[in-house]
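Down below is the structure, laid out as structure tokens.
All of the numbers you see were taken from the coordinates with simple rules; none came from a lab. Only a predicted model underlies this, so the values are computations on that prediction, with no experimental measurement involved. Glycine gets a Cβ as well: all are built from the backbone with ideal geometry, and neighbour counts include every protein chain shown.
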Amino acid sequence: MENAELLQLAIAGLKNGSIYALLALGFTIVYAATNVINFAQGEFFMLGGMFAVFAFKTLGLPLIAAVPLAVVAVTGVGVLFEVLAIRPRRDGDQMSLVIITVGGSLVLSSLARHLFGSDALPLPEFTPGPSLAFAGAAIERQTLWIWGLVLIAVVALTMLYSRTRLGRAMRACMQNREAARLMGIDTGRVVMISFALAAMLGALAGVAVTPLTSTRFDIGAGIAVKGFAAAILGGLGNPIAAVAGGLLLGLIEQAVIPFSSTLKDVVAIVVLLSVLFVRPQGLFIRERKEKT
């Protein structure tokens, strides 16, 4: 295989991996606040694309307005999801909450089908034009937007966690939610904001990838599996590790394509199971040893 072909595979892997990274960030933010896996994260991704298409085509808004409106709308859905579905059972066992997120994802998918239809919905590229040439490979202009969004998300979350009171409260909940509550931190508010951030990240990923792949009401479950696998691969609960896991998963997927393109969609499941068996804390998280 020539260098240009390898570079093209790497570019595609980093593009897909960036989408997985945004989803993995959503998983890890909610998990850090609640110790619960939010399997509705894929539906936030789906709704981001759906709302953007609706605002652009049905409402007739320009793309520069339709995209942020979609992100805001899905962020609101995330808040409502926490208030209506999670908060009433917030003190329940983890398995009940996980089942609630699974049920919520089915409800959101069904509502999307009734509201937007069952057809694939396209969206124009943010900056139309031919692909950019780089060392014999081609980079789609939309890919640059995807990479830029991941970079902005990582920088913004780093600033949030390190330089704001809210971020310190979220980190405290990440370490020990009950202790944080006893210290006077409003853990309910932290959980609500965590769902809002997770929904926003999912929506950003959805609107960014829709110009390349279009969107449908039923894409949430598949992409959620890949985002969850990325979070587990990097290390669930650590935002930077989640991003690294997403990028690595995207590269692994592309690495198997020259051997068998049909195996691409199986990679996430294989990676997920392998990490859970071999290194459940993730590749980029040190195993904590309890003091005796």
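Viscosity 1.306 mPa s, temperature 10 °C: what is the translational diffusion coefficient of the range 133-209 from Stokes-Einstein with a Kirkwood Rh over Cα pairs, rounded to a whole number of µm²/s? Write out the running numbers ahead of the final one.
Numbers: Rh = 14.5 Å.
Reported coefficient: 110 µm²/s.
Please get the size of the charge dipole for the range 15-217, origin at its Cα centre, with Cβ charges of +1 on Lys and Arg and -1 on Asp and Glu, quoted in debye to the nearest 20.
On the way: 15 positive and 9 negative charges, 84 e Å.
Using only the charged Cβ atoms, the result is roughly 400 debye.
Residues in the range 75-94, backbone N under 17 Å from the label point at residue 186 (7 Å along the Cα-to-beta-carbon vector): list them, ranges by number please.
Output list for this probe position: 79-80, 82-84, 87-88.
Write out the GluC sites (Glu not before Pro) in the range 1-70 meeting two conditions: DSSP loop, and at most 16 other Cβ atoms within 10 Å of their Cβ.
Details: sites: 2, 5, 43; in loops: 2.
Qualifying residues, ordered by number: 2.
Using the Cα atoms of the chain to build a convex hull, what is its mean projected area in square nanometres?
Values: hull surface 67.7 nm².
Computing the convex hull of the Cα atoms and averaging its projections yields 16.9 nm².
Sketch the reach of a paramagnetic label on residue 64 as a point 7 Å from Cα along Cα-to-Cβ, and name the residues of the range 140-156 whose backbone nitrogen lies under 18 Å away.
Under cut-off, by backbone N: 142, 145.
For 264, 15, 226, what ranking results if the residue with the fewest other Cβ atoms within 10 Å of its Cβ goes first? Provide the component values of the computation, followed by the final result.
Details: 264 15, 15 22, 226 26.
Taking fewest neighbouring Cβ atoms as first place, the list is 264, 15, 226.
Grab the chain and count how many Lys pairs have their alpha-carbon atoms under 28 Å apart, sequence gap of 8 or more, or different chains. Can you show the working numbers first?
On the way: 15/57; 15/226; 15/264; 226/264.
Total qualifying Lys-Lys pairs in the chain comes to 4.
If one computes the Cα centroid of the range 180-233 and of the range 76-102, what distance in Å separates the two points?
Comparing the Cα centres of the range 180-233 and the range 76-102, I get a distance of 14 Å.
So which DSSP H runs in the chain come out at 30 Å plus along the axis (Cα) with average Kyte-Doolittle of at least 0.0? The partial results should precede the final answer.
On the way: long enough: 3-34 (45 Å, 1.12); 94-116 (32 Å, 1.36); 141-163 (33 Å, 1.21); 187-213 (38 Å, 1.62).
Membrane-span-like by this rule: 3-34, 94-116, 141-163, 187-213.
Below 8 Å between Cα atoms, with a sequence gap of 6+, how large is the relative contact order for the chain in percent?
On the way: 486 pairs, mean separation 107.1, N = 292.
Averaging sequence separation for qualifying contacts and normalising by length gives 37 percent for the chain.
Restricting to DSSP loop positions (anything but H, G, I, E, B) with no more than 13 other Cβ atoms inside 10 Å of their own Cβ, which GluC sites (Glu not before Pro) remain in the range 185-292?
Details: sites: 253, 287, 290; in loops: 287, 290.
In loop regions of the range 185-292 (DSSP not H, G, I, E or B), the sparsely surrounded GluC sites (Glu not before Pro) are 287, 290.
With labels modelled as points extended 7 Å from the Cα through the Cβ direction, what inter-label distance (nm, one decimal) is found for residue 7 paired with residue 255?
For the pair residue 7/residue 255, the computed spacing is 2.1 nm.
Divide by every residue of the chain the summed helix terms, -39500 (n - 2.57) for each DSSP H run of at least 4, and state the resulting mean residue ellipticity at 222 nm, rounded to the nearest 500 deg cm²/dmol. Mind showing how you got there, number by number?
Values: 11 runs with 202 residues, N = 292.
That calculation yields -23500 deg cm²/dmol at 222 nm.
Would you mind calculating the gained length between residue 281 and residue 87 on full extension (0.36 nm times residue separation, minus the Cα-Cα distance), in nm to one decimal? Working shown, then result.
Numbers: separation 194, 0.36 × 194 = 69.84 nm, distance 2.75 nm.
Between residue 281 and residue 87, full extension yields 67.1 nm more.
For a quick check: sort 243, 271, 107 by the number of other beta carbons within 10 angstrom, fewest at the front. Could the numbers behind the result be given before it?
Working: 243 27, 271 20, 107 13.
Neighbour counts put them in this order, fewest first: 107, 271, 243.
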